[in-house]
Amino acid sequence: MKSSIRLEKQQGAALIISLIILIAMTLLAVTSMKGTSTELAMAGNLRESGLAFQAAEAGLRSAEVIVASSTSNTSILNQVDGVTIDPDYLDASIWAGESEANIDLSSVGVTTRPQYIIKYVDENTYDRLKLMNIGSGYNAPPKGPTISIYRITARASGQTGNTFRTVQSHYGIEY
């Protein structure tokens, strides 16, 4: 009979403590799951951005090959479509109908081909002697090879087509 009297005096403290611990563990698990899903989304975005950047770099290299294989300034100027002012290269509307790089990136998951714009910038005469004598009265006409300089801008998307990267380089060639 003594044991039944003891049970009646129990207040349920163990039940309350175990419920508090259970709630704390549940909150910890939910927070951990949310953190994991956020990290997963961040990793996916980083992969998408990296694919877009690498595809744009491939388009840039493809356009540089076109410039390098050209035989004269006029052969490139015909491909530039008369671009005289620099457009806003980040504006998607200017890329409609631009040249596409002849490369297949489907093996890495990128289904669209990168695009590029080649713009003739100027000619530069490179003269080492003139560069050394700047400011010392050396006014002779520049001597040395004439280098045609082009600005090449490439744009590409990632695997999903929602991320775009634009890269740009200057390329000089002596004709």
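Quick one: length gained pulling Leu22 to Thr160 fully straight, 0.36 nm per residue minus the C-alpha distance? Here the segment from Leu22 to Thr160 would lengthen by 45.6 nm.
To make sure I understand, if each residue's beta carbon is the centre and we count other beta carbons within 10 Å, what order do Glu98, Glu39 fall in, fewest to most? Mind dumping the intermediate values first?
Details: Glu98 15, Glu39 10.
With the fewest neighbours first, Glu98, Glu39 line up as Glu39, Glu98.
Rule-based calculations on the coordinates, nothing more; no lab input. Here the structure is a predicted model, which means the values were calculated and not measured. Please note: Cβ atoms are built from the backbone with ideal geometry, for glycine as well, and neighbour counts cover all protein chains shown.
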